[in-house]
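Undergrad: I have a structure here, written as structure tokens, and I will follow up with some questions on it.
No lab work stands behind these numbers, since they all come straight from the coordinates. Given the structure is predicted, the values throughout are model-derived calculations rather than measurements. Cβ sites come from the backbone with ideal geometry, for glycine too, and all protein chains shown count toward neighbours.
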Amino acid sequence: MKYRKFPNVESAMAGDRAAIYHTSAKTAVTLNPTATLLWNALESPRTSSDLVDDLRKKFPMLSAETAQKDVDAFLKDMVRHELLIAGDGL
């Protein structure tokens, strides 16, 4: 399954954090630096495995298991807030 940014979402950097605004829902979220890394990697549709690889490249000491848990939590939260869309045909 691939993930991509929701169409009605705008983002801007504030230091090492991304500030994300959902224009339809009129909600905002500020991401921590690790979530910002994942968010920025989603400029094109990506799989969970792609994001785990990105995270482990940035943090080589991170175990695959921990990276997968972190990515899964990020994706679940972003989909729940309608900031990402998940699907096989993306």
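Undergrad: Could you list, in sequence order, the residues of the stretch 38-74 that are without any contact (Cβ under 8 Å) to a residue 24 or more places away in the chain and touching a Lys or Arg at 6+ places or on another chain (Cβ under 6 Å)?
TA: Within the stretch 38-74, Leu62, Ala67 qualify.
Undergrad: Consider only pairs whose beta carbons are under 8 Å apart and that are at least six residues apart or on different chains; among these, list those whose first residue lies in the stretch 10-27 and is without any contact (Cβ under 8 Å) to a residue 24 or more places away in the chain and closer than 11 Å to Asn40 by Cα and whose second residue is of a type outside the set (Ser, Thr, Tyr) and surrounded by fewer than 11 Cβ atoms within 10 Å (Cβ to Cβ).
TA: Final answer for the pair search is Ala18/Ala12.
Undergrad: Filter the stretch 13-64 down to the residues that are within 16 Å of Val79 (Cα to Cα), of a type outside the set (A, V, I, L, M), touching a Leu at 6+ places or on another chain (Cβ under 8 Å) and not in a helix (DSSP H, G or I) and list them by number.
TA: Within the stretch 13-64, His22, Pro45 meet the criteria.
Undergrad: Only one of these is surrounded by fewer than 14 Cβ atoms within 10 Å (Cβ to Cβ), of a type in the set (D, E, K, R) and in contact with a Ser or Thr (Cβ under 9 Å, 6 or more places away or on another chain): Asp88, Asp72. Name it.
TA: Answer to the check: Asp72.
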